[in-house]
1. Take ARG143, ARG9 and order them by how many other Cβ atoms sit within 10 Å, fewest up front.
2. List the GluC sites (Glu not before Pro) within region 1-78 that DSSP assigns to loop and that have no more than 11 neighbouring Cβ atoms inside 10 Å.
3. Taking every DSSP beta bridge with both residues inside the chain, roughly what % is antiparallel (nearest 5)?
4. Evaluate E = 1/(1 + (r/R0)^6) for VAL163 and GLU103, where r is the Cβ-Cβ distance and R0 equals 30 Å; express this FRET efficiency to the nearest 0.05.
5. Percent relative contact order of the chain, based on C-alpha pairs within less than 8 angstrom and at least six residues apart?
6. Along the Cα-to-C-beta direction of ILE126, a point sits 7 Å from the Cα; which residues of region 90-109 have their amide N less than 18 Å from that point?
7. Between 0 and 90 degrees, rounded to the nearest ten: what's the tilt of helix 112-130 against the longest Cα principal axis of the chain?
8. Among PHE200, PHE155, PHE140, which comes first, then next, by fewest other beta-carbon atoms within 10 Å?
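What follows draws every value from the coordinates through simple rules; no lab data is involved. Just so it is clear, the structure is predicted and the values come from calculations on it, not from any experiment. Virtual Cβ from ideal backbone geometry, glycine too; neighbours counted across all protein chains shown.
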Amino acid sequence: MRELDPALRRAAHSRLVSRRIEVMTGVQAQEVTENCVKLKDGREIPTENVIWTAGGRPNAKVRDLDLPLTERDGVRVDRYLRVEDRPGVWALGDCAAIPAAEENGNSVPPTAQAALQEGKAVAKNILAVVDGSSEDLTPFEYRPLGQMVELGSQFAVNEVMGVKFSGLLGALFWRAAYLMRLESPQSKARVAADWLLGLFFEPAVTEIRRERC
Ligand SMILES: Cc1cc2nc3c(=O)[nH]c(=O)nc-3n(C[C@H](O)[C@H](O)[C@H](O)COP(=O)(O)OP(=O)(O)OC[C@H]3O[C@@H](n4cnc5c(N)ncnc54)[C@H](O)[C@@H]3O)c2cc1C
């Protein structure tokens, strides 16, 4: 997974600090008890609420399939998204270990942005095979369009096509991009209405802020 740009990381960090959120990096949680989180370096954080996030992993179901797997990234495919040693089988998305174009041993990141591009690439390649022109297969090349991280409804840190920006403008851009990406007009209307109502009503419990507790 690509790391967040250092300047954007600093902007996100100072935003969190300004909201009285302490960020600890380079330390792992070892144990969660009913009233604290124990860190590997011996420190303890007294709390009864723990919210945990982690990176993506391939669905465990792929282990039941008779397909070649890498140790952690999923089904082993070549640059054309063909499963190795399984003619006629293709894999993409979070379940596939797709070699990055840089040939540095890394895989394409398991993100929606990459999965959408992979979908188009695999569709073209399958059509080429169906049409009997296997020599016209196109190697998949991931083109990252940028990264956007929303921190609350009025602040986001973005890097879009090399341009970095943050703050309210970042949040508005994040929302516009999100709406554009939603497929159905119904989903767009629902999400836009929810954001609009959010201007007039109290935040949902999933958006609890410390000063409100
Ligand atoms: C909390 C969270 C936040 C994320 N945020 C972002 C983000 O901001 N930006 C970004 O780019 N990516 C984000 N991702 C990653 C992104 O969602 C995935 O990379 C993307 O959805 C992968 O697409 P996919 O088609 O491979 O898998 P999925 O979208 O997971 O689709 C797999 C489908 O297979 C179905 N399925 C599962 N098991 C079976 C089975 N046994 N039989 C039949 N069907 C089955 C599932 O129901 C699902 O519909 C996020 C992921 C999570 C979990």
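1. Fewest-to-most Cβ neighbours within 10 Å comes out as ARG143, ARG9.
2. Working: sites: GLU3, GLU22, GLU31, GLU34, GLU44, GLU48, GLU71; in loops: GLU3, GLU22, GLU34, GLU48, GLU71.
Passing both the DSSP loop test and the Cβ count: GLU3, GLU22, GLU34, GLU48, GLU71.
3. Values: 20 of 22 bridges.
Among the beta bridges of the chain, antiparallel pairing accounts for roughly 90 percent.
4. 0.60
5. Details: 257 pairs, mean separation 25.6, N = 213.
The value is 12 percent.
6. Flagged as within label range: 90-98.
7. With both axes taken from Cα atoms, the answer is about 10 degrees.
8. Details: PHE200 6, PHE155 21, PHE140 25.
Ordered by Cβ neighbours within 10 Å, fewest first: PHE200, PHE155, PHE140.
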